[in-house]
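For reference, the structure is listed below as structure tokens.
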Amino acid sequence: MHRPHLSRRTVLGAAGLTAAPALLAACGGSGTDAADEPQSGGTLRAAFAGGGADEVLDPHRVNLFADAARAKAVFDKLADLGADMAAVPRLAESWTADAALTVWTVKLREAVFHDGGPVRAADVLYSYRRIADPEDTFRARQDLAPIDLDASTAVDDRTVEFVLRHPLAEFPSVLAAFGAYIVPEGAADFTAPVGSGPFTFAAFEPGRSFAADRFDDYWDGPALLDRVEIVVADEESARINALLGGQVEYAHDLSATTARANEGNDAIALVASPGSNMLGFAMKTDRAPFDDPRVRQAMFLLCDREQLVESVLSGRGLVGNDLFGLGFEHYADGIAQRERDVEAAKALLAEAGAADLGIVLDTADVGSGFTEAAQIFAEQLREGGLGVEISERNADTYWSEVLTEGQIASYRSGAMPIASHISQRLLTDSPTNVTQWHDAAFDDLYLQLQSTADETERQGLYDELQQRLHDEGGYLVWGFADWIVGTARNVRGVEQAPANTLDWARFDKVWIA
């Protein structure tokens, strides 16, 4: 029997943690009142942290939350993720597999692009083949790797037959992969993109602003808003001040400290999704000093996770165990919680010849609590005898820089299936392998996992992979924060949802009262 995964609600209950009352009051939608009726019209201005002048509208190149929010407004995927990380049909009306789990047939719903053309099987295959181009580094390429796109065909305009390279029981999650958006066949220039999403492109200034207007022929019903505008505000203080000052109606990614400070503020509403934002540090496993697993293990042992959760998250979070996906399906909850042990860490450092090691810890003000967590962690490391220099990198270029540069960096992640986390970040050729974890045996074990139809055996392989990462991986995961957004009081329909899931940044369901 497959071991059931813990839901976030179960994890929160087991830990004795709850969201604050002011946040819980908003869980059904910001400022929601039973008497409210959805209204059409108006413009929603939303503030997100951005990626500077290098931002693009190519939906296959999404990386930041602002990228994903823009792509979600204009484009659609075949499926998206529910709050439990299960695939939910979107452009795909249904999917069925053959007995061997090697051929999956996907039926498309009736939908049209913004130029009036129908969404066809040919568009799906073109989009996936573009993402899978080995000459490029599209984010979802590794997720699509199980598909033999040369052998896959369009049975008719609304039916795609996907031929897989090996059996894959979790294929629907592939359709929901981050960045796996469907574009019109032949699309290559995205300066004025055409998608099939709820909003049509209107304007874009990289690093500053984006605007899109309601698409009346959207398959899921027209949006209530006339327009959505996304403005860039890298610093959290700028986002909350813009919300408080009336410059925007939606502020993305707020800290627990900000939430606590504004609990009694009648001018705004707060919406929190408990424990859905992973926080940690990423160590480069391919270079000194973290190419020695003993040094990585010492870092694990020097981390005081409880202090970080209490200080950085104001106690509004869950303690991490150096693994992604707490509470999600396939999480290895049987691995014992790692505890701080300064003396054991010192012994490992001495054994590795690194007792007086000096390291540079990269961080930037690109996420709630990033710099504060880096400062606290640096002090914890100094207690173990390490010398730590904190390097404040440019917020606009932080994520592209730390992908390949440095030794250790502040890191975070929104929600995604654990399989996607592995395929996008932990395989030798993963496009966002920030820890530079390169292990052929690990790659092979993941391939075996994908091909395993039996759920119990597959969970055992998930556990084995996660045990490897817990023992000697490059991700030090200290906690899971509530995902918090703020809205003006007259904004309705903003749902409690983990980042990167279906109901996150779903502006087509939002209205202004």
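The values are calculated or read from the model by the stated rules, or taken from the named source; none is laboratory data. Predicted, not measured: the structure shown is a model, and the values here were computed from it. Here the Cβ is made from the backbone with ideal geometry for all residues, glycine too, and neighbour counts use every protein chain on show. Only protein heavy atoms, including side chains, enter the accessible area calculation; ligands, DNA and RNA are left aside. Shrake-Rupley method; radii C 1.70, N 1.55, O 1.52, S 1.80 Å.
Descriptive notes on the structure:
- Computed E for Asp216/Leu447 - FRET, C-beta separation, R0 56 angstrom, nearest 0.05: 0.80
- Cut-off under 5 Å, modelled amide H: who pairs with Gly275 long-range: Asp482, Trp483
- For a modelled paramagnetic label at Ala169, 7 Å from Cα along Cα-to-Cβ, the residues of region 79-96 in reach, with backbone nitrogen under 18 Å, are 85-87, 96.
- For region 339-485, alpha-carbon Rg relative to the globular expectation (2.2 N^0.38 Å, N residues): 1.17
- Sorted largest first, the principal axis extents computed over the alpha-carbon atoms of region 401-513 equal 55, 40, 23 Å.
- Gyration tensor verdict on the chain (Cα atoms; rounded if a/c is under 1.5, prolate if a/b is larger than b/c, oblate otherwise): oblate
- Asn241/Ala344 FRET efficiency (R0 41 Å; Cβ-Cβ; nearest 0.05): 0.40
- When Rg and the Kirkwood radius Rh are both evaluated on Cα atoms of region 200-246, their ratio Rg/Rh stands at 1.09.
- Sorted peptide list for 188-194, 465-471, criterion being average Cβ within 10 angstrom, highest first: 465-471, 188-194
- Sites Arg260 and Glu351, calculated FRET efficiency, Cβ-Cβ separation with R0 41 Å, nearest 0.05: 0.45
- Between Ala267 and Val112, full extension at 0.36 nm per residue minus the direct alpha carbon distance yields a gain of 51.9 nm.
- For region 300-315, backbone phi angles converted through the Karplus equation (6.51, -1.76, 1.60; θ = phi - 60°) give residue-by-residue couplings of 4, 6, 7, 6, 9, 5, 4, 5, 5, 4, 5, 7, 7, 9, 6, x Hz, Gly and Pro being listed as x.
- Each label was represented as a point 7 Å from its Cα along the Cα-to-Cβ direction; for Arg382 and Thr456 these points are 5.3 nm apart.
- Share of carbon and sulfur in the accessible heavy-atom surface of the chain [1.4 Å probe, %]: 48 percent
- Cα-based shape type of region 290-362, given that a ≥ b ≥ c are square roots of the gyration tensor eigenvalues and the cut on a/c is 1.5: prolate
- Chain lengthening between Thr404 and Arg129 when straightened (0.36 nm per residue, less Cα-Cα): 96.4 nm
- Averaged over its residues, the chain has an accessible area of 37 Å² per residue, based on protein heavy atoms and a 1.4 Å probe.
- Helical content of the chain, expressed as a calculated mean residue ellipticity at 222 nm, amounts to -7500 deg cm²/dmol (DSSP H runs of 4 or more residues, -39,500 (n - 2.57) each, divided by residue number, nearest 500).
- When the Cα positions of Ala46, Trp95, Leu357 are compared along the charge dipole of the chain, Ala46 comes out farthest toward the positive end, with charges on each C-beta of Lys, Arg, Asp and Glu.
- The alpha carbons of region 180-264 stretch over 49, 27, 23 Å along the principal axes, in descending order.
- Computed over the Cα atoms of region 471-513, pair by distinct pair, the Kirkwood hydrodynamic radius stands at 12.8 angstrom.
- When only the Cβ of Lys, Arg, Asp and Glu is charged (+1, +1, -1, -1), the dipole of the chain relative to its Cα centre reaches about 700 debye.
- Region 314-399: C-alpha pair distances exceeding 20 Å, %: 53 percent
- Taking region 53-187 and dividing mean pair separation by its residue count, relative contact order in percent (alpha carbons under 8 Å, at least six apart): 32 percent
- Binning the C-alpha pair distances of region 387-441 at 5 Å intervals from 0 yields a P(r) profile of 4, 16, 25, 24, 16, 11, 4, 0 %, listed from the shortest bin outward.
- Contact order for the chain, expressed relative to its length and based on alpha carbon pairs under 8 Å spaced 6+ residues apart, stands at 25 percent.
- Label-to-label distance, nm, for residues given as Arg208 and Asp156 (7 Å Cα→Cβ offset): 5.0 nm
- Volume per residue that the Cα convex hull of region 250-344 spans, once the total is divided by residue count, Å³: 138 Å³
- Anisotropy class of region 437-502 from Cα gyration tensor, a/c 1.5 cut: prolate
- Full extension of the chain between Val360 and Gln39 yields a length gain of 110.4 nm, computed as 0.36 nm times the residue separation minus the alpha carbon distance.
- For the pair region 463-513 / region 367-428, the C-alpha centres are spaced 18 Å from each other.
- Accessible-area value, Glu379, 1.4 Å probe, nucleic acids and ligands omitted, Å²: 100 Å²
- Distance from region 316-335 to region 59-132 (C-alpha centre basis), Å: 28 Å
- Relative contact order computed over region 137-231 (Cα-Cα under 8 Å; 6+ residues apart), in percent: 16 percent
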